[in-house]
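Structure, as structure tokens:
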Amino acid sequence: MTLVLRGAVLRGRRLSPGAVAVAGGRVIVASGRGRAVDLPDGWIVAPGMVDLQVNGFAGAEVGDDPDALAAVARALPAAGVTGFCPTLVSRSERAYRRAARALAAAPWPAEGARPLGVHLEGPFLAPARAGAHDPRALRGPAPEAVARLAELLRPRIVTLAPELPGALDAIARLARAGTLVSLGHTDAGAEAGRRAIAAGARMVTHALNAMRGLERREPSALAAALLDRRVRIGLIGDGVHVAAEIAALLARLAGPRLALVSDATAAAGAPPGRNRLAGRSVASDGVRCLAGGRLAGSAAGLDLGPRTLVAAGVPVAAALAAAAVTPRRVLGLPAGLAPGDPADLVVLDEGLVPRLTLAGGRVAHADAALPFAAPDPGERAG
């Protein structure tokens, strides 16, 4: 069966009336046949969101438990997410090996968000900007250490601090191997940032957190990144890590290079209380996630990011694209919703709340209060 969703459609950074047809797990050219659904006014069909930084979700942690990894993937579509980078923060090499085994053994669900490669956030970070990372797990990017972790985890993204001894060589080696290098947990200034970008770094991890800010006389690595059109800017859009007005300012500065991330922990999508992050206890009040008084990831899903930006004056299309389009481009994936693309999409209501998520054409999330009948979750929409 063909499913046709008619309403406002996000393609690239443009929002316009249209239709998206799905059959056989893929987007197809609408033919006028099939089951048509007219969405309520103000509702939007967008590519499924892609989260480049997920430490956990809905009480489950990204770590060494295969079933917990599957639970994260199963829960993320409630936030409109259809693809994600399981993120491993700094830990011992033995713990990394356990995580690698878990990732290989995880029973990834067909009706869940698809894992798109590991984001290795550490251990090559600046001790002065460790944030909630265990300082005992940090180390320098010696060639053999970088090579071991790269071979073990095959990371899609590596976050490191460019001012560390050996970092520029590590950036160049990783970039040549096809790994995206992101600057983060760094005390580097603009000149070190420029050198890192010249070596191959192409992203910034959670801008304005665990790094120098945009100081007027001591520009940071972030300033160098914002001025270089080759570099994408990762931003936690929960309104806690970065105030909404500053997030909107970064959105204006970065334009289509802004990539919203959640940095979600197990506390996101779960009741307030205590959870774990790389073996450390973190406490959540439902808004903030804290470890030892420091922010430790987020208690929000990626879907909060576009709402935060829109509330601060960013146009809806640009805000949604920062969560659904730019992260795809970061990973070299299609922008989504073109004929032949996987049927990974999210339907959002007028408040930008996800109401229906399809992953590969399968219903991965459907709000019980949908004003129309959802496709049969037991079969592909096709």
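The values are calculated or read from the model by the stated rules, or taken from the named source; none is laboratory data. Keep in mind that this is a model prediction, so the values were computed, not measured. Using ideal geometry, Cβ is built from the backbone for each residue, glycine included, and neighbour counts are taken over all protein chains shown.
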* Asked: Quick check: anything in the stretch 286-298 more than 24 Å from Gly42 (Cα to Cα) and touching a Pro at 6+ places or on another chain (Cβ under 7 Å)?
  -> yes
* the stretch 286-313, subset under 20 Å from Val62 (Cβ atoms) and assigned to a loop (DSSP other than H, G, I, E, B), residue modelled with the lowest pLDDT -> Ala299
* Asked: Does Gly32 satisfy the condition of being assigned to a loop (DSSP other than H, G, I, E, B), on the phi > 0 side of the Ramachandran plot, modelled with pLDDT of 95 or more and more than 18 Å from the chain's Cα centre (by Cα)?
  -> no
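Filter the stretch 160-192 for residues that are of a type in the set (D, E, K, R) and either under 20 Å from Ala128 (Cα atoms) or not assigned by TED's automatic domain parsing to the domain that holds Gly213 (or both) and give the result. Lay out the reasoning, then the answer.
So in the stretch 160-192, the residues of a type in the set (D, E, K, R) come out as 163, 169, 173, 176, 187, 191.
Within the stretch 160-192, Glu163, Asp187, Glu191 qualify.
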* To do: Spot the failing condition for Pro66; the list is (1) out of contact with any strand residue (DSSP E or B) (no Cβ under 9 Å at 6 or more places or on another chain); (2) buried (at least 21 other Cβ atoms within 10 Å of the Cβ), and only one is missed.
  => (2)
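Let's see how each residue does on (1) buried (at least 17 other Cβ atoms within 10 Å of the Cβ); (2) of a type in the set (A, V, I, L, M, F, W, C):
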position: Ala70; (1), (2): yes, yes
position: Gly83; (1), (2): yes, no
position: Ser92; (1), (2): no, no
position: Arg101; (1), (2): no, no
position: Trp108; (1), (2): no, yes
position: Leu116; (1), (2): yes, yes
* Asked: Can Pro17 be described as at pLDDT 95 or above and within 14 Å of Arg355 (Cα to Cα)?
  -> no
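Taking the stretch 46-62, which residues are crowded, with 24+ Cβ neighbours inside 10 Å and either free of Cβ contacts under 8 Å to residues at least 40 places away in the same chain or over 17 Å from the mean Cα position of the chain (by Cα) (or both)?
The initial filter retains those residues of the stretch 46-62 that are crowded, with 24+ Cβ neighbours inside 10 Å, namely 46-57, 62.
The answer is Val62, and nothing else.
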* Can you run down the residue pairs with Cβ atoms below 8 Å, 6 or more apart or on separate chains, where the first is in the stretch 7-18 and among the aliphatic types (A, V, I, L, M) and the partner is surrounded by fewer than 17 Cβ atoms within 10 Å (Cβ to Cβ) and not in a strand (DSSP E or B)? => Ala8/Gly42
* Name the residue, out of Ala175, Ala201, Ala128, that is within 22 Å of His241 (Cβ to Cβ) and assigned to a helix (DSSP H, G or I). => Ala128
* Asked: Only one of (1) out of contact with any strand residue (DSSP E or B) (no Cβ under 7 Å at 6 or more places or on another chain); (2) closer than 20 Å to Ile197 by Cβ; (3) surrounded by fewer than 23 Cβ atoms within 10 Å (Cβ to Cβ) fails for Ala137. Which number is that?
  -> (2)
* To do: Those residues that are surrounded by fewer than 21 Cβ atoms within 10 Å (Cβ to Cβ), touching a strand residue (DSSP E or B) at 6+ places or on another chain (Cβ under 8 Å) and more than 11 Å from Gly361 (Cβ to Cβ), I need them from the stretch 3-27; list them, please.
  => Val4, Arg6, Gly7, Ala8, Val9, Arg11, Leu15, Ser16, Pro17, Gly18, Ala19
* Structure fact -> Filtering the stretch 256-279 down to residues that are in contact (Cβ under 8 Å) with a residue 40 or more places away in the chain and at positive phi yields Asp263, Gly269, Ala278, Gly279
